[in-house]
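Since the structure comes first, as structure tokens, the remarks are kept for the end.
The values are calculated or read from the model by the stated rules, or taken from the named source; none is laboratory data. The structure presented is a predicted model; accordingly, all values stated were derived computationally and were not measured. All Cβ positions, even for glycine, are placed from backbone atoms using ideal geometry, and neighbour counts span all protein chains on display.
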């Protein structure tokens, strides 16, 4: 698979006795948008953090552009990280910095761009997510949740990365703002031609941003297919998840009275 | 439950904590020596750690110097108390009380603030966000705080020495009716450069302990508001105990011959 941008092979991770990733195999082809669906606590976030090197897996291999990121030295790893942008679940904006400096952070610190030039680009990126230049002077704490997510998106695309990760981009937003974010994701990704890997449990988001869909359950990828195939996957787990049923093969650990 | 199992668990947990702390300290020190350096952040931290701690440290030193003068006077032989009070206040403050009490006050103020800030950044994924923006969190967050604390603590303690001796002077001349000129002469005659210097060396080490403990507990905090609270408490407690222990070790080394 020469066109694989990201590839995970048999990745395992456990915290204490709890197995979180139990042999993940996943390939994201170049230029595609893959959405991983799964319930809370199934290992979605841990998987993404393994690719970014924030969490080190116990075993397995992770390739970015054909190179194993787990065997890189710190210099190579830093170079690889420059290809990434990420939108965090809670936006994770730096609350000590004004909005524009948040957006420009990767340019100023990572790329050593002069502050003035970086600010111009930040304002341009803010406009792309529908925010005016005056928002740039505010601090993250002064923004609503939806605006913070948009700033987070502007920050993720500011360095024009080749790969973007979206960690539950619509969680905690009202349905309309969620749709606005989905549209922005689709537009900005199309502009950049980036490869994206998203994790979500919001099916509306999946239907809008995914080229391909994979489902994670108990630390394994149990199904994958195109967006169109999701609705008739023939997989009971996927069916239960996309229709949001409490009854089915996936049993929540809820004590019945 | 088996007693040995409990003992074993405690020992293992302690060893794991010591190991994690050693690795963290090593990472922090190794990043201090390697570029890029964030000068602006170092200056900002020096202001926050050093300058804003001045009132607390100054008041502590003043009252300690005054109380020390009274104790020596009440407890000592009143015939030659004029000479003894001045000498013991000067030595006590510069060698022990200035650095130790100054260190403990700054530990309460600064370790707590660092742990709370970095802890919040950890649980809101801001530290992970730094990594995705090609910025090493050790370089951006830990190094400036450690460097600033190591530089500013000796300066703070030097000021505390002066104010502490002045506290003794004020109490001696105002409450105990000592001659001001003789008090100053006694202080200057008996105080040696080494006394002050040993205190300043201690202060540098205490600064390192304060910043590293704040950063370590902040970095490793988990579990929301409660976790950040726990990290803050642990930072202050461990920093204080380590300061007192390190003070004993350094006193026995510096004054051995």
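Inside the range B:1-118, counting only helices (runs of 4 or more DSSP H) that do not spill past its ends, which hold 3 or more residues that are under 19 Å from residue B:234 (Cα atoms) and in contact (Cβ under 8 Å) with a residue 24 or more places away in the chain?
The qualifying helices (runs of 4 or more DSSP H) are B:3-32, B:98-106.
When you scan the range A:1-41 for strands (runs of 3 or more DSSP E) that lie fully inside it, which ones turn up with 1 or more residues that are over 16 Å from residue A:215 (Cα atoms) and within 19 Å of the chain's Cα centre (by Cα)?
The qualifying strands (runs of 3 or more DSSP E) are A:4-15, A:18-29.
Could you tell me which numbered condition residue A:57 fails, if it satisfies all but one of (1) buried (at least 18 other Cβ atoms within 10 Å of the Cβ); (2) in a strand (DSSP E or B); (3) more than 7 Å from chain B (Cβ to nearest Cβ)?
Among (1) buried (at least 18 other Cβ atoms within 10 Å of the Cβ); (2) in a strand (DSSP E or B); (3) more than 7 Å from chain B (Cβ to nearest Cβ), the lone unmet condition for residue A:57 is (2).
Looking at the range A:87-106, which of its residues are more than 8 Å from every other protein chain (Cβ to nearest Cβ), more than 16 Å from residue B:40 (Cβ to Cβ) and either at pLDDT below 90 or surrounded by fewer than 24 Cβ atoms within 10 Å (Cβ to Cβ) (or both)?
A:91
So which residues in the range A:71-86 are assigned to a helix (DSSP H, G or I), in contact with a helix residue (DSSP H, G or I) (Cβ under 9 Å, 6 or more places away or on another chain) and either more than 8 Å from every other protein chain (Cβ to nearest Cβ) or under 14 Å from residue A:154 (Cα atoms) (or both)?
Of everything in the range A:71-86, those that are assigned to a helix (DSSP H, G or I), in contact with a helix residue (DSSP H, G or I) (Cβ under 9 Å, 6 or more places away or on another chain) and either more than 8 Å from every other protein chain (Cβ to nearest Cβ) or under 14 Å from residue A:154 (Cα atoms) (or both) turn out to be A:76, A:77, A:80.
Residues that are under 21 Å from residue A:22 (Cβ atoms), in contact (Cβ under 8 Å) with a residue 12 or more places away in the chain and assigned to a strand (DSSP E or B): does the range A:228-248 have at least one?
Checking the range A:228-248: not a single residue is under 21 Å from residue A:22 (Cβ atoms), in contact (Cβ under 8 Å) with a residue 12 or more places away in the chain and assigned to a strand (DSSP E or B).
Testing residue A:226 on (1) loosely packed, with under 15 Cβ neighbours inside 10 Å; (2) out of contact with any strand residue (DSSP E or B) (no Cβ under 8 Å at 6 or more places or on another chain); (3) over 17 Å from residue B:125 (Cβ atoms), one condition comes back false. Which one is that?
(2)
Considering only the range B:218-233, I want to know if a residue exists there that is within 18 Å of the chain's Cα centre (by Cα), surrounded by fewer than 18 Cβ atoms within 10 Å (Cβ to Cβ) and within 27 Å of residue B:162 (Cβ to Cβ).
No, the range B:218-233 contains no residue that is within 18 Å of the chain's Cα centre (by Cα), surrounded by fewer than 18 Cβ atoms within 10 Å (Cβ to Cβ) and within 27 Å of residue B:162 (Cβ to Cβ).
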